[in-house]
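A.B. asks: Before I ask anything, let me first share the structure, which is written out below as structure tokens.
Just so it is clear, none of the values below were taken in a lab; they were calculated from the coordinates. Quantities reported herein were computed from a predicted structural model and do not represent experimental measurements. With ideal geometry, Cβ positions are generated from the backbone for all residues, glycine too; neighbour counts draw on all protein chains shown.
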Amino acid sequence: MFLARRLVLAHFWVAFIGFAAALLLGEWQMAVRSPLAGWISNPELYYRSVTAHGTVMAYVLPTLVAMGFGYAITELALGRPLLGVRWAWAGFWLVVAGTVMAATPVALGLASVLYTFYPPMVGNVFYYLGVVLVVVGSWIWVGLTSWNLHRWKKDHPGAVVPLAMFGNATGAYLWAWTSVGAASEILLLILPAAFGWKDTIDAGLARVLFSWTLHAIVYFWLMPAYIAFYTIIPRAIGGRLYSDTMGRVAFALFLVFSMPIGIHHLFADPQVGAGFKFLHAVFTAMVSVPTLLTVFTICASVEIAARLRGGRGAFGWVKALPWGNPYMLAVAYAFVMLGFGGAGGIVNMSYQLNETIHNTQWVTGHFHLIFAGAIVIMYFVVAYDLWPHLTGCAPLSTRLMNWQLTLWFVGMMVTTLPWHFTGLLGMPRRMAYFDYSHPELHPQAITVTISSIGGLLLVAGGLLFIWILATARRRGAAQPAPYTFSLPVHAGPVPAALNGFALWIALMVGLTVVNYGYPIVQLALLPQTSVPVVLIGGPR
């Protein structure tokens, strides 16, 4: 039973078409920053491209993937038709309308604000109204996820919530809370300035509100990938999930620790005191715990698959892994990129070390390894796994999937590792042009060129992904077996705290209030903190 096929397909296709366009923009940006291209004469085109690339990759792609995958999980995991399909379609069209509304002023050069909502730069009002529509559309998904889970639990009193649905609801609740920060900034501070009702804006308060969303959104991006780690990978490689309970603990901890950490992005900002910066740095370290639990659990699940295939010895079982299986390749590639990206994140979260790499290409390399690397490669896995069930096509080509995943992995490593190096050399991010003939910049020329070559590999991998999905029906029709999620080795009882969300939501809200309440109230009450608005694109 899978009745929401068209709904899920619509979300995926819009997400992946936007992804392909943003990918091409990203490669263009790398090319014009490199010695391979001359001065572009109009640097505003670069910032326009960065805004479009970042908006699609940070907001549109992960939101639509989370929504589409979430609707699929709701039906497949709960084993019943999705309730509120008309509302789901309304949410989808709101996201599409918001995307078009936001993209139009960006394309016209009226909102080159670099997708981070940092005043005093303020773009065209329709850019922010478009973002609001995207968020409202996503909130409909949050509501439907909660409603479907509530109705299922009411019809199945005492039953264990399937792990996939537990992770899906975790992502929905996390997004509902983390989006409050940016939504408050837009509604209370930015829109009055964008409409022309105010000529000044409180930049410090705006940045703190945006930090509420800025880092926690990473874990919203990450949630579909982690659901795939736990509920798709073990089954797809012929094994079992090592621990269902460990998965629930990881999801619950993400809900708690991913919120009160965003001020570590404001280490260089004077409006927040050192005490709260330190507090957020501590909680940033804590968020590594669910990631380490996941790495252990999935590695154990992979080992189980290898031993079921005859693997022996302390390390000999590694040879028995199904290395020709694209899902095996994907999880291996994802963990390598997650490892490198996470190691860079330790530097970012350190109050002292961050001073060395703040606002340099190091930061760009870090978040591309985490999101565009480890997370997006698992988005590919989600699409590949669901595609025969969504379209009725024959199984996808293993050889093409392996090539695509490998191109993406190699391209991401070639692109991002030089970024880390140039960041240590002091290269700032978000700069449209560099004169590499200057003696201080010349050593960076080769590394930037290598990154551009890596970007070409990423474009090839991304376009191959679209081609595999678009031509899937050419492989003929087939009736896939009923969809299943991974089974745990031991299906034992689940503690009540890990079968619901009341405790974890209370902790999430409580810690957020503790870590953000005082800085926000303090900044809101300070007199004369506003600065003149800088409107992008000229006068209103």
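A.B. asks: In what order do Y379, Y516, Y127 fall by count of nearby beta-carbon atoms within 10 Å, going from fewest to most? Intermediate results must be reported in sequence, preceding the final value.
C.D. replies: On the way: Y379 24, Y516 21, Y127 29.
Fewest-to-most ranking of Y379, Y516, Y127: Y516, Y379, Y127.
A.B. asks: Cα centroids of the range 178-219 and the range 419-476: how far apart, whole angstrom?
C.D. replies: 31
A.B. asks: Counting only complete DSSP H runs, which helices of the chain cover 27 Å or more along their long axis at the Cα atoms and score a mean Kyte-Doolittle of -0.5 or above?
C.D. replies: Span-like helices here: 5-33, 85-107, 125-155, 163-185, 288-308, 326-349, 398-424, 445-470, 502-525.
A.B. asks: Helix-only estimate, please: 222 nm mean residue ellipticity of the chain, summing -39500 (n - 2.57) across DSSP H runs of length 4 or more and dividing by its residues, to the nearest 500. Kindly include the intermediate steps, with their values, before the conclusion.
C.D. replies: Values: 20 runs with 349 residues, N = 540.
Value at 222 nm, helices only: -22000 deg cm²/dmol.
A.B. asks: Tell me, what is the FRET efficiency for R474 and A21 to the nearest 0.05, using R0 = 22 angstrom and their Cβ-Cβ distance as r?
C.D. replies: The formula returns an efficiency of 0.40 here.
A.B. asks: Taking amide H atoms as placed 1.01 Å from N in the peptide plane, list the residues 5 or more away in sequence, or in a different chain, whose amide H sits under 5 Å from that of I201.
C.D. replies: Long-range HN contacts for I201: V531, V533.
A.B. asks: Starting from the Cα of D155, step 7 Å along the direction of its Cβ; do the same at I346; then give the gap between the two resulting points in nm.
C.D. replies: 4.8
A.B. asks: Arranged by the count of other C-beta atoms within 10 angstrom, fewest first, what order do K277, K319 take?
C.D. replies: K319, K277
A.B. asks: Assuming 0.36 nm per residue, please report the length gained on full extension of the stretch N499 to R307 beyond their Cα-Cα distance.
C.D. replies: Answer, rounded to one decimal: 66.1 nm.
A.B. asks: Collect residues whose amide H, placed 1.01 Å from N in the peptide plane, falls under 5 Å from the amide H of C393; neighbours closer than 5 in sequence don't count.
C.D. replies: So C393 has HN proximity to A478.
A.B. asks: Also, I was wondering about something else. If the cut-off is 17 Å between C-alpha atoms, which aspartates and glutamates fall inside it for K319, apart from same-chain ones fewer than 8 positions away?
C.D. replies: Excluding near neighbours in sequence, the set is E303.
A.B. asks: What ranking of F465, F421 emerges when the number of other C-beta atoms within 10 Å of each C-beta is taken as an exposure proxy, fewest first?
C.D. replies: Ranked by crowding around the Cβ, least crowded first: F421, F465.
A.B. asks: Per 0.36 nm of contour for each residue apart, how much would the distance between R6 and W89 grow if the chain were fully extended, relative to their Cα-Cα spacing? Mind dumping the intermediate values first?
C.D. replies: Working: separation 83, 0.36 × 83 = 29.88 nm, distance 0.99 nm.
Result: 28.9 nm gained on full extension.
A.B. asks: Cβ neighbours within 10 Å, averaged per peptide: list 183-196, 200-213 in order, most packed at the top.
C.D. replies: Highest mean packing first, the order is 200-213, 183-196.
A.B. asks: Which distance in Å, rounded to a whole number, links the C-alpha centroids of the range 1-62 and the range 333-356?
C.D. replies: 24
A.B. asks: Under 5 Å between amide hydrogens, which residues at least 5 positions from M121 or on another chain qualify, with H placed 1.01 Å from N in the peptide plane?
C.D. replies: Here V534 satisfy the definition.
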